[in-house]
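First the structure, in the form of structure tokens, and then the observations on it.
The values are calculated or read from the model by the stated rules, or taken from the named source; none is laboratory data. Remember, predicted model here, so these are calculated numbers, not experimental data. Please note: Cβ atoms are built from the backbone with ideal geometry, for glycine as well, and neighbour counts cover all protein chains shown.
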């Protein structure tokens, strides 16, 4: 059960009801601070729809953060979102393999993206060898965008866990198919 009540559109001022266009528990909790929610959603929108980073790689990085943080909400939501951007079931299984130190057989860039997400999540920075690999493959612009994605979703999982946001029933099937450790 969430630590704050979930709000519905009638609970909000008319000018803030657009914050719940996507009726998910995260936004229903965050709308206790409409201005904060608006800012949060703006960065999330840029990441998903305006960033030049390959969307499949972006979703792989987000899934790695969710998996490593054991954030059922983030992980389950981005399994669904990731599929819309080309993430396969094999890709999702590869995240568990890579996290355990195995070789998933993913391409080198995919593995470097996952490694970067693990390193930032666990140590707050990308190690020099991983950074060099990503810099050579992505260049500065896309590497900075990847760092922004990983950093933002590290913040998101902390918000989710602190507010104890419940996974909606529609997402439970993803957790059943791809359990967290």
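Quick notes on this one:
- Criterion violated by residue 181 - all others in (1) closer than 14 Å to residue 70 by Cα; (2) loosely packed, with under 13 Cβ neighbours inside 10 Å; (3) at pLDDT 95 or above satisfied: (3)
- The set of residues in the stretch 66-118 that are closer than 22 Å to residue 49 by Cβ, without any contact (Cβ under 8 Å) to a residue 12 or more places away in the chain and surrounded by 13 or more Cβ atoms within 10 Å (Cβ to Cβ) contains only 83.
- Checking residue 29 against (1) farther than 21 Å from residue 167 by Cβ; (2) in contact (Cβ under 8 Å) with a residue 40 or more places away in the chain; (3) over 17 Å from the mean Cα position of the chain (by Cα), the condition it does not meet: (1)
- Restricted to helices (runs of 4 or more DSSP H) entirely inside the stretch 42-107, no element has at least 3 residues that are more than 12 Å from the chain's Cα centre (by Cα) and closer than 14 Å to residue 153 by Cα.
- Test: residue in the stretch 119-134 that is on the phi > 0 side of the Ramachandran plot, exposed (fewer than 11 other Cβ atoms within 10 Å of the Cβ) and not in a helix (DSSP H, G or I): yes
- Some residue of the stretch 34-45 being on the phi > 0 side of the Ramachandran plot, touching a helix residue (DSSP H, G or I) at 6+ places or on another chain (Cβ under 8 Å) and at pLDDT 95 or above: no
- Any hit, the stretch 3-11, residues being modelled with pLDDT of 95 or more, part of a helix (DSSP H, G or I) and surrounded by 19 or more Cβ atoms within 10 Å (Cβ to Cβ): no
- Qualifying residues in the stretch 32-53 (those that are farther than 22 Å from residue 161 by Cβ and touching a residue at least 40 places away in the same chain (Cβ under 8 Å)) - the one surrounded by the most Cβ atoms within 10 Å (Cβ to Cβ): 53
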